[in-house]
Structure formats: C-alpha cells, structure tokens
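A.B. asks: Provided herewith is a single structure, encoded as structure tokens, for subsequent inquiry.
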Amino acid sequence: MAKKDVRVRRELEKFMKQPPAGISLCTINDDNFAEMRATIIGVAGTPYESGVFKLDVTITDRYPYEPPHIRFKTPIYHPNIDNNGRICLELLKLPPSGCWRPVVTIEGVLLAIQTLLCTPNPDDPLMDSIARQYRLDKNEFEKNAREYTLQHACQSRQNSAGTSKGENVPLKDFCFQDSGVTSNNQKRKSSDVDITENSNKKFKDEVL
Amino acid sequence: MRLAKMTSSHADMQCDILKKFPLLVPTSSDFRQYEGFLEAKNILFRVSFVVPNYPSCENVALDCEWKLSELLNYHRATVSAWTTSEKPFNIFLDELLALIIRSLEDGGMSRLSLEDDSIVFEEQLDNLQSYSIILSELKELGTENLVSINNDFTSISLSFHDSNDHSHLLNLKLFNERGNNRKHFGVVDTDLPEAVVKIIQKDGKITKAFRTFCEQIEVLQNIWTSLFTIDQQCWVIDPVHPRKADMYRRIYISPPSVMAQISWNPLKPNQPPEIKFQGADAEIDVLRCTYEEHLEDWGPECSIIENLCSVLQLSSLPQPPPPTTSVVSQTVETGECIICYQIQLEGKLPEESCGKCLSSFHTACLYEWLGMMPGSRQVHGHISGPCPNCETVMKCPCPHNVA
C-alpha cells in the first residue's frame with residue numbers, strides 16, 4: 001500500500017471513531033483514498049446555521065507533503081470562499097505563502113474551515129465585495145449569508161420554515177404544511193416551497 | 001551576660017515602641033502579638049500584628065482596616081520585602097509609619113476622604129435593600145427549592161424535581177448595579193439548552209425565573225425521552241458525552257458512510273426533530289427523498305425509533321459495536337513517525353526526533369519535508385530546517401548517505 005494510503009486510512013479510522021461535532025468525512029470510492037466527501041453543518045448562532053455544506057476533498061499522492069485540496073460544492077456567501085468554492089485559508093497552502101505542515105490532518109483542516117465559517121477573515125479576502133460588506137455593514141452581510149444558506153444549503157423545507165418563522169408552529173399546522181412537500185416531483189403550492197425545489201434541483205445538478 | 005544584654009535590648013525596643021506608638025499594645029507576654037492603632041496625620045488606623053520571629057520583623061503578619069490596606073496596596077512589594085529581612089520590629093514600625101505618612105501626602109488622603117464613607121454607606125444601604133428583596137423572593141419560592149446560598153447573596157442554587165423524578169439545578173449569580181437597589185442575575189449553570197436559558201434570564205424576578213425554569217423543564221420532557229431512547233438504542237457518534245443541554249444526536253444510518261444529525265428545537269418542543277444527512281452523496285440523496293416522502297408519517301404518539309424507521313423506511317437502525325477496550329484517542333501512537341504514521345518504513349524505524357517536542361520521524365520522511373521548505377540549508381550531507389510539529393530548527397542526515 002502506498003505511503004499516503006496508510007496515513008489516510010489511519011486518519012479516517014480515527015475520524016469514524018471520534019468525529020468532531022458537525023463534520024463528516026467519507027470516501028467516495030472504497031479502495032481509493034484520493035477522492036473524499038466532507039460535510040460541515042453550519043454552527044448555530046452564525047448565518048450558516050442549519051445549512052449543510054458539502055466539500056470535495058482531494059488527496060494527492062504527495063500527501064502529507066502537500067495539503068489536501070478542498071473545495072466547497074455547496075454555494076456559500078463568505079468573504080474567504082469564492083463562487084467556485086475555492087477557500088482562502090493559510091492552512092491549505094504550502095509555505096512560504098501558507099502554513100501547511102505534514103503533521104496537520106484532514107480533520108484539522110476541516111475544523112479550521114468550520115472555524116473560518118464562524119469567524120471570516122476580511123483582511124485576506126477572496127471575495128472583495130463580500131469582505132467590504134462584512135466590514136462595513138455586518139447586518140446586511142449576515143442577512144445575505146443567511147438567505148444564501150437557506151437557498152442553497154438547507155436540505156429540506158422544514159429548515160426554511162423553521163428559521164423564517166420565529167415563533168412556535170403547532171404540530172398539526174406543521175404536518176399539514178409539510179404534507180405538500182413530499183417528493184421532488186410533486187407540485188408545490190407556496191413560493192416558500194419553490195425555493196427549496198430549486199435548491200434541490202441545484203443539488204441534483206451539482207451531484208450529476 | 002549575653003542573656004542580660006538581650007533582655008536589655010528587648011526592654012529598649014519595647015520602650016521605643018511604647019514611646020512612639022502609645023496606642024499599640026502587646027497582647028501576649030512574649031511580645032509576639034500586638035493590637036491597637038497607628039496614628040498618621042491625625043488619622044487612626046486600626047491594626048494588629050503577629051510577629052512570629054520577635055524581635056526580628058521576619059514574617060510579620062499585618063491585619064488592618066480596609067483604608068490602610070488600600071493605602072498600602074501600592075507599596076505591597078516594599079512591605080513584603082521588609083518582612084523577609086531581619087530588621088528589628090521597632091525599626092519596621094518606624095518605616096511602616098513613614099511609608100503611610102508618605103502615601104497620605106502623595107494624595108492617598110483624597111482617596112480616603114470622607115466622601116467615601118457616604119458612598120460606602122449608600123452601597124450598604126443598597127445592599128440591604130436588595131438583600132431584603134431577595135429574601136422576600138426566596139420566601140415566596142419556598143425553602144424546599146433552595147439548595148444553597150452564599151454569605152453575600154451573590155450565588156444562589158435552586159433545584160426542581162420534575163414529573164419523571166429527575167432533579168434539575170439552577171445556579172444563579174447575582175450582581176449589583178449601582179444606583180439600583182435590585183440585583184441583576186445571570187444563569188451560571190443549568191442543564192437546559194442555551195436558547196431556554198435566555199428566556200429564563202429575561203425575567204427580572206427570581207421567582208418568575210424559577211417558575212419559567214420549571215415550566216421549561218416539563219416542556220422539554222418529551223425531547224429528553226426521545227434523546228434518551230436514541231442514546232439507548234442507536235449508534236450515537238456525537239456528542240461523545242451527551243449532556244442534558246444537548247438537543248441533538250448524530251447517529252449512524254449505515255456505517256461508516258451515512259449518518260444523520262437529529263436535532264430538536266427546544267423552543268418548539270412539539271415539532272418533529274430536524275434531520276440532516278451527512279455522508280456520501282448518492283446514498284444521502286436517496287435517503288433525503290425517502291425522508292421527505294414519508295415525513296407525514298411522523299406520528300407524535302409513536303416512539304422516536306418507530307418514527308425514524310418509518311420516515312427513513314428502515315426496519316431497524318444500526319446498533320453500536322460492542323465497546324472495545326482499546327480507545328484510539330490519538331491519531332498517531334507514540335513511537336510512530338508523525339508524517340507517515342508508521343513504525344516500520346521500508347525496514348527502517350523512526351530515527352530522527354525533535355529535541356524540543358520529541359516527535360519522531362523516519363529519516364526519509366523528515367528529509368523529504370525539510371527539502372521542500374524554503375530557507376532550508378544543506379551542509380555536509382545534513383539538511384536543517386523547522387520541525388514539522390513545533391518549528392524548532394532541527395537537523396536531518398541525507399537518507400542516501402545513511403544507507
């Protein structure tokens with residue numbers, strides 16, 4: 001087995017036994033550690049709350065001498081992540097511009113990305129306009145980021161309903177409302193629902 | 001002769017002290033304890049001294065009123081330096097008095113001026129009023145719920161027995177706001193989720209907060225029952241040590257690639273939990289479709305496991321593996337190369353180690369990394385550069401030379 005595979009397998013074993021909160025990691029192809037899929041759940045209290053963000057993790061044969069290549073597959077509104085999902089994070093780059101070291105693990109990198117979602121770094125932006133907005137009008141930034149999350153990163157309609165309405169929704173109302181949202185093919189009624197349909201489609205498109 | 005001399009020097013010292021400090025009297029026959037006042041600039045400071053090594057002032061302990069301790073606060077280092085010397089006690093007193101006078105002249109006087117007394121008095125009055133408010137609120141609550149309260153009424157612990165016979169603690173911290181005779185309080189510790197704590201904190205009165213606390217606990221009972229069932233019957237991977245405040249569980253749906261995070265909103269306890277899937281795309285998409293299709297089957301009267309099985313169209317949920325004795329807490333085990341995670345690599349053991357952090361490396365692994373580092377230098381078959389773990393500069397021989 002290649003040197004890289006031994007290490008990645010060990011990292012995965014540890015990850016399966018003690019996964020960090022809100023992060024998952026799995027291989028796409030069982031006998032190949034080159035391509036992996038990670039998901040990060042947006043931390044409560046941030047505009048990314050209740051979003052599930054998918055990331056592509058590519059491990060080159062040079063790993064761990066080279067950092068893993070990680071990209072967001074789910075669109076996200078963030079000063080340090082661009083439209084193509086590229087992430088601006090020092091840990092993902094080799095010295096001298098970055099601070100990758102072979103003792104850092106894939107889990108460590110994913111944790112760093114989760115932290116980046118909680119605390120954007122507008123001083124080293126990839127998206128200038130978002131960084132400016134983050135600095136000058138944080139409320140507007142958070143509003144946009146939240147909308148973006150609802151649109152692209154929420155898995156079911158339940159999330160969007162729950163987040164947009166602040167107060168208690170009685171169980172019976174909730175069930176009735178949701179009975180319309182059964183499958184992707186079914187026709188939906190309210191505009192609220194349409195957003196999810198679109199986002200579901202987007203998900204599908206991304207996957208295919 | 002020597003004894004006589006000692007005694008006479010003792011007598012001299014006592015005379016000296018008595019003359020200069022008439023208000024300070026020894027309270028023990030061996031002159032090791034003194035009580036009384038020090039007078040400086042017509043202000044009397046209540047003091048008591050313990051002089052364990054009389055006649056030397058070594059390890060003197062000074063107990064004094066707050067005004068004097070406030071004054072001496074700025075000279076704490078000086079005074080404690082004296083108490084480690086072997087200065088005679090009377091000289092110590094002289095110097096202490098001089099120090100007090102000096103700091104009074106330096107403006108310490110104004111800090112201690114009489115206006116402070118009135119503020120102190122008002123503060124005490126405020127405190128008294130707030131104490132009586134707290135007491136009346138506690139009386140209203142009934143003592144059976146009170147677990148503990150500290151002397152100055154700054155922390156209160158209340159408990160509640162719920163309908164399932166579990167007891168829950170509510171620890172409150174009270175703090176004063178000047179000019180307002182009400183104490184504010186914050187919840188320090190409780191087993192409720194944060195969102196609920198915010199609701200409790202909103203109420204200004206302790207009685208009302210406690211009532212909200214009890215109500216919320218009863219409201220959360222159903223969620224806790226479901227969480228407990230999941231803990232018992234599913235393969236939970238996160239949180240590792242669930243607390244009552246944790247309103248979510250991440251479980252395996254089909255290990256190791258598909259998991260679901262089930263989370264309840266404590267503010268909407270009657271809603272079905274939100275389920276998020278994580279793992280490989282293809283499997284997740286199928287699951288999510290199934291879930292959305294069968295969401296209406298969620299029955300509030302069914303158990304959480306029945307509900308999960310029915311919305312996910314599964315006959316059962318995976319069980320946790322039997323607990324293993326070997327717990328992998330670290331990715332790398334001691335002795336392994338922290339780059340390749342192996343002990344043996346092409347027949348070689350990790351031979352290099354960092355002098356500072358003691359990490360081990362195979363010569364080949366370390367050499368390869370150091371060779372990539374900007375600024376690393378190769379001299380006489382050795383390469384030097386930063387340790388991959390702690391960045392201390394370390395040396396590594398060229399593996400080809402070693403072979």
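A.B. asks: Tally up the residues in the stretch A:55-71 that are touching a helix residue (DSSP H, G or I) at 6+ places or on another chain (Cβ under 7 Å) and under 16 Å from residue B:278 (Cα atoms), please.
C.D. replies: Residues that pass the stated criteria total 1.
A.B. asks: For a quick check of your reading of the model, give me the residue pairs whose first member lies in the stretch A:96-117 and is away from chain B (no Cβ under 13 Å), whose second is hydroxyl-bearing (Ser, Thr, Tyr), with beta-carbon atoms closer than 7 Å and at least 6 apart or on different chains.
C.D. replies: Going by the 7 Å Cβ cut-off, the qualifying pairs are A:117/A:46; A:117/A:48.
A.B. asks: Looking at the stretch B:366-391, which of the residues that are away from chain A (no Cβ under 13 Å) and polar (S, T, N, Q) is farthest from residue B:337 (Cα to Cα)?
C.D. replies: Here the answer is B:378.
A.B. asks: Taking the condition of being at the interface with chain A (Cβ under 8 Å from one of its Cβ atoms) and under 17 Å from residue B:319 (Cβ atoms), how many residues in the stretch B:259-269 meet it?
C.D. replies: 1
A.B. asks: Moving on. So residue B:280 ticks every box in (1) open to solvent by 30 Å² or more (accessible area, probe 1.4 Å); (2) within 9 Å of chain A (Cβ to nearest Cβ); (3) in contact with a Cys (Cβ under 8 Å, 6 or more places away or on another chain) but one. Which box is left unticked?
C.D. replies: (1)
A.B. asks: Ok, one more. Determine whether residue B:272 is surrounded by 19 or more Cβ atoms within 10 Å (Cβ to Cβ), more than 11 Å from chain A (Cβ to nearest Cβ) and not aromatic (Phe, Trp, Tyr).
C.D. replies: no
A.B. asks: Further, regarding this structure: Before we move on, is residue A:134 touching a residue at least 40 places away in the same chain (Cβ under 8 Å) and away from chain B (no Cβ under 14 Å)?
C.D. replies: For residue A:134, the condition - touching a residue at least 40 places away in the same chain (Cβ under 8 Å) and away from chain B (no Cβ under 14 Å) - is met.
Yes or no, residue by residue, for (1) within 14 Å of chain A (Cβ to nearest Cβ); (2) hydroxyl-bearing (Ser, Thr, Tyr); (3) closer than 15 Å to residue B:305 by Cβ:
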| residue | (1), (2), (3) |
| --- | --- |
| B:202 | no, no, no |
| B:207 | no, yes, no |
| B:212 | no, yes, no |
| B:217 | no, no, no |
| B:221 | no, no, no |
| B:228 | no, no, yes |
| B:236 | yes, no, yes |
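A.B. asks: Hey, among the residues in the stretch A:30-49 that are surrounded by fewer than 22 Cβ atoms within 10 Å (Cβ to Cβ) and of a type in the set (S, T, N, Q), which one's farthest from residue B:255 (Cα to Cα)?
C.D. replies: A:46
A.B. asks: Further question: Residue by residue through the stretch B:283-293, note down the ones that are crowded, with 16+ Cβ neighbours inside 10 Å and facing chain A (nearest Cβ under 8 Å).
C.D. replies: If the condition is that a residue be crowded, with 16+ Cβ neighbours inside 10 Å and facing chain A (nearest Cβ under 8 Å), then B:285, B:288, B:291, B:292, B:293 are the ones that fit.
A.B. asks: In the stretch B:45-67, which residue that is at pLDDT 85 or above and farther than 20 Å from residue B:87 by Cβ is most open to solvent (accessible area, probe 1.4 Å)?
C.D. replies: Taking the candidates together, the pick is B:46.
A.B. asks: In the stretch A:1-16, what count of residues is obtained for those that are open to solvent by less than 40 Å² (accessible area, probe 1.4 Å), touching a residue at least 24 places away in the same chain (Cβ under 8 Å) and either over 17 Å from residue B:258 (Cβ atoms) or of a type in the set (Lys, Arg) (or both)?
C.D. replies: Counting residues in the stretch A:1-16 that are open to solvent by less than 40 Å² (accessible area, probe 1.4 Å), touching a residue at least 24 places away in the same chain (Cβ under 8 Å) and either over 17 Å from residue B:258 (Cβ atoms) or of a type in the set (Lys, Arg) (or both) gives 6.
A.B. asks: Right, something else. Say we look at the stretch A:41-75 and pick out the residues that are closer than 19 Å to residue A:11 by Cα, in a loop (DSSP other than H, G, I, E, B) and of a type in the set (Asp, Glu); which of these is nearest to the other protein chains (Cβ to nearest Cβ)?
C.D. replies: A:66
A.B. asks: So which residues in the stretch A:81-110 are out of contact with any Leu (no Cβ under 7 Å at 6 or more places or on another chain) and more than 17 Å from residue A:8 (Cβ to Cβ)?
C.D. replies: Those that are out of contact with any Leu (no Cβ under 7 Å at 6 or more places or on another chain) and more than 17 Å from residue A:8 (Cβ to Cβ): A:83, A:84, A:85, A:87, A:90, A:91, A:93, A:94, A:95, A:96, A:97.
A.B. asks: Among the listed residues B:230, B:237, identify the single one that is farther than 21 Å from residue B:159 by Cβ, touching a residue at least 24 places away in the same chain (Cβ under 8 Å) and touching a strand residue (DSSP E or B) at 6+ places or on another chain (Cβ under 8 Å).
C.D. replies: B:230
A.B. asks: Considering only strands (runs of 3 or more DSSP E) fully contained in the stretch B:129-246, which possess at least 2 residues that are closer than 29 Å to residue B:262 by Cβ?
C.D. replies: Once the strands (runs of 3 or more DSSP E) in the stretch B:129-246 are filtered for at least 2 residues that are closer than 29 Å to residue B:262 by Cβ, what remains is B:155-161, B:167-177, B:180-190, B:236-238.
A.B. asks: Does residue B:325 satisfy the criteria of being at pLDDT 85 or above and either open to solvent by 30 Å² or more (accessible area, probe 1.4 Å) or more than 13 Å from every other protein chain (Cβ to nearest Cβ) (or both)?
C.D. replies: Answer is no for this residue.
A.B. asks: Can we say residue B:77 is at pLDDT 80 or above, in contact with a strand residue (DSSP E or B) (Cβ under 7 Å, 6 or more places away or on another chain), loosely packed, with under 12 Cβ neighbours inside 10 Å and small (Gly, Ala, Ser)?
C.D. replies: It is false that residue B:77 is at pLDDT 80 or above, in contact with a strand residue (DSSP E or B) (Cβ under 7 Å, 6 or more places away or on another chain), loosely packed, with under 12 Cβ neighbours inside 10 Å and small (Gly, Ala, Ser).
A.B. asks: Evaluate the stretch A:17-29: report whether one residue or more is assigned to a helix (DSSP H, G or I), more than 28 Å from residue A:143 (Cβ to Cβ), open to solvent by 30 Å² or more (accessible area, probe 1.4 Å) and at the interface with chain B (Cβ under 8 Å from one of its Cβ atoms).
C.D. replies: Yes, because at least one residue in the stretch A:17-29 is assigned to a helix (DSSP H, G or I), more than 28 Å from residue A:143 (Cβ to Cβ), open to solvent by 30 Å² or more (accessible area, probe 1.4 Å) and at the interface with chain B (Cβ under 8 Å from one of its Cβ atoms).
A.B. asks: Determine, yes or no, whether residue A:73 is touching an Asp or Glu at 6+ places or on another chain (Cβ under 6 Å) and open to solvent by 30 Å² or more (accessible area, probe 1.4 Å).
C.D. replies: yes
A.B. asks: Mind telling me which of the residues B:299, B:335 ends up being farther than 19 Å from residue B:236 by Cα, at the interface with another protein chain (Cβ under 10 Å from one of its Cβ atoms) and modelled with pLDDT of 75 or more?
C.D. replies: B:299
A.B. asks: Confirm whether residue B:363 is over 30 Å from residue B:269 (Cα atoms), away from chain A (no Cβ under 13 Å) and at pLDDT 90 or above.
C.D. replies: So residue B:363 fits the description; yes.
The values are calculated or read from the model by the stated rules, or taken from the named source; none is laboratory data. All values derive from a computational prediction rather than experimental measurement. Here Cβ is always computed from backbone atoms with ideal geometry, including for glycine, and neighbour counts include all displayed protein chains. Just so you know, the surface numbers come from the protein's heavy atoms only, side chains and all, with ligands and any DNA or RNA stripped out. Shrake-Rupley method; radii C 1.70, N 1.55, O 1.52, S 1.80 Å.
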